[in-house]
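What follows is a set of notes on a single structure, which appears directly below.
The values are calculated or read from the model by the stated rules, or taken from the named source; none is laboratory data. Every value quoted in this text rests on a predicted model; they were computed, and no experiment measured them. Counting neighbours? That spans all protein chains shown, and the Cβs are built from the backbone with ideal geometry, glycine included. These accessible areas exclude ligands, DNA and RNA; they are computed on the full protein's heavy atoms, side chains included. Shrake-Rupley method; radii C 1.70, N 1.55, O 1.52, S 1.80 Å.
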Amino acid sequence: MRHGFLKVAAATPDIHLADCAYNAQNIIAIMQQANESGVKLLVLPELCLSGYTCGDLFLHRALLDQAVEALLKIVRHSEQQDMIVALGAPLRHNGKLYNCAVVLQNGQILGVVPKVNLPNYLEFYELRHFAPAPEGMDTICIGELRAPFGAKQLFCCENMPELCFGVEICEDMWVPNPPSAGICAQGASVMLNLSASSETVGKAAHRQNLIKGQSARLSCAYVYADAGRGESTGDLVFAGHNMVAQNGEILRQNKPFSKDTLVATEIDLQCIAHNRRRQNTFSASQTSEKYMRTTFELDVEEVTLTRNIPRLPFVPEDKNLLFDRCEDVLEIQAQGLYGRLLHIKGSKAVIGISGGLDSTLALLVCVRAMALLGRPNEDVLAVTMPCFGTSARTRNNAQKLCDALNVSLIEVDITKSVRQHFLDIGQPDDKLDVTYENAQARERTQVLMDIANQRGGIVIGTGDLSELALGFATYNGDHMSMYGVNASVPKTLMRHIVGYAADTANSSELKQVLIDILDTPVSPELLPPDDEGVSQRTENIVGPYELHDFFLYHIVRWGATPGKVQRLAQHAFLGEYDKDTIARWLEIFCKRFFAQQFKRSCMPDGPKVGSVSLSPRGDWRMPSDAKNTAWLNWD
């Protein structure tokens, strides 16, 4: 359970109605299967020990006695297992019958949680048989065993403090104020739901949305086990739709009516804890109600990751979602620039065009913003500024792009200006050092700023989120602008947005030039071209952007330690990068991220588009002189 990972599962046993002995055997078999798979927390459906659809048989002592006997057999079996199990059973207490979740481990019943909200509408009539959970806490006797009884219970792991779970049962999740809200406010990081949700057209999607929404609102993991085969089909059908969600994302689920009902995956307790620390409103929602805390321990073991870890966390894997994401980002960027130009009454959007990826996206945003303003594309003033490293390919693409978009274009060759600057400061022309490179970037920024002053406009920044994270920008050069539209767009997503623009282009000329720009190696073009036309390839200098965006997402968004990030990257990029390669680029990322904070501390305004932003006025506040020691020591 290193790095906060815990393997959990939801499963649906095949049952026979009112045959608790048979059901217990199948439950034990599933427990054994889960245990052998390394599961530490197993959730089974509502009333799975007896069956949910027993009707008036719930009122008969023969069934209820058999349920207790079968439950005790399961408890005895659990003596050989470290795993926590939550299963549903009908249990009597103080003269009433309750629909209960029984939580057990290692031969003990840790607690019994009765259902709070009993549906009594349409096909449901639970009040005919069961009583709702009473107020407060009590003790229930089950055979020779005694256990806490009540809805307000927390189950806390002593040797894994980030693991604390609570339980609700089926309808409890569907009501306006579910018990899980209070339970999570008191510290539960995981919610278990034992359910018997009948299947009707469209209900699976609705159920999935509820679970995603609940796990997002409560910033928790949510493990949902659903009743399935063996329940009565007289009027209803149950599909065994099992799911595990975390922070608004379904980590794993089976299809309704699937034969494989054991759904197992790893939840990330460290992610949950980090997300709650950064949301002050979560702790503010804590109630004054008293909850009973039951403690337990789990054997700490290494968890093999089986869950999907996206290689490109900023890029949706679903093509339809990706299409929508690209459109949303473009619209947010354009609306931000529209608002700024409208406010300052700027006549021109002045932008440096290199023929590369970043400036291409920024130019597309400028054109959209002009459309929102009801102004012609000619009010976008693109400026090309060739110098020592400019390639014929990027220069031609810049020209073609501006022609296809019908924006204004001027060229300012800065070669003479930079050479004069070298003479002024005593910099040899043939000394290809950082001064040689940065002088060009700063000259370009000076040209853009002065042209913006001439035309009554503002300079639109082109630098992206990935460059900000690495500090791969010239301070007071391309680092500076009057409004940075790409400031929170990572490089890996940027490629897809430009690809989306190509796919939806209104002319073949625009489509062709965008495709060629996407095929051009990413380069600052500050050194003289080599035989292939480009002497600098950014990813040869700072490393693969797909890795750096991966590091950025997990470190900044989820507070992951570098050791954990390396482990996640090895899993996500299996077969592409070996452990040593990942470690080398991760070390470079951590060093650059800390060393370059001073550039982010004075970055221009720009719109936030996603879950990660490095704006010093928004998401990210960090001293420029912070030490990186803790981030450079990992196993």
Kirkwood estimate for the range 207-351, i.e. one over the average of 1/r between Cα atoms, Å: 19.8
CD proxy at 222 nm, helix term only [per DSSP H run n ≥ 4: -39500 (n - 2.57); per residue of the chain; nearest 500]: -11500 deg cm²/dmol
For residue 411, solvent-accessible area (1.4 Å; no DNA, RNA or ligand), Å²: 100
Tail beyond 23 Å, pair distance distribution of the range 556-635 (Cα, percent): 31
Equivalent ellipsoid semi-axes - Cα gyration tensor, the range 440-582, angstrom: 30, 20, 17
Inter-part distance where the range 148-214 and the range 32-70 are each reduced to a Cα centre, Å: 18
Radius, Kirkwood style, for the range 225-271 when every pair of distinct Cα atoms is counted (Å): 11.9
Electrostatic dipole magnitude of the range 345-455 [Cβ: Lys, Arg +1; Asp, Glu -1; Cα centre; debye, to 20]: 400
The range 414-490, Rg to Rh (Cα coordinates; Rh as Kirkwood inverse mean 1/r): 1.03
DSSP-assigned coil residues among GluC sites (Glu not before Pro) in the range 479-554, each with at most 15 further Cβ atoms within 10 Å: 532
Proportion of all alpha-carbon pairs of the range 468-539 beyond 16 Å (%): 62
Given the chain, longest segment not containing exposed loop trypsin sites (Lys or Arg not before Pro) (DSSP; at most 13 other Cβ within 10 Å): 1-258
Stokes-Einstein D in µm²/s, Kirkwood radius over Cα pairs - the chain at 4 °C with 1.567 mPa s viscosity: 47
Cα centroid separation - the range 367-418 against the range 241-270, whole Å: 50
Viscosity 1.002 mPa s, 20 °C: Kirkwood-radius Stokes-Einstein D of the range 293-428 over Cα pairs, µm²/s: 114
Beta bridges per DSSP with both ends in the chain, % antiparallel, nearest 5: 50
Where Rh is the Kirkwood radius over Cα pairs, Rg/Rh for the range 125-177: 1.03
Gyration tensor verdict on the range 374-424 (Cα atoms; rounded if a/c is under 1.5, prolate if a/b is larger than b/c, oblate otherwise): oblate
Estimated dipole of the range 104-236 in Debye, rounded to 20 [Cβ of Lys and Arg +1, of Asp and Glu -1, Cα centre]: 240
Cα-based equivalent ellipsoid of the range 379-525: semi-axis lengths in Å, sorted from largest, via gyration tensor: 27, 18, 16
Rounded if a/c under 1.5, otherwise prolate or oblate - the range 1-143, Cα gyration tensor axes: prolate
Accessible solvent surface per residue of the range 289-361, calculated while the other protein chains remain in place, 1.4 angstrom probe, Å²: 53
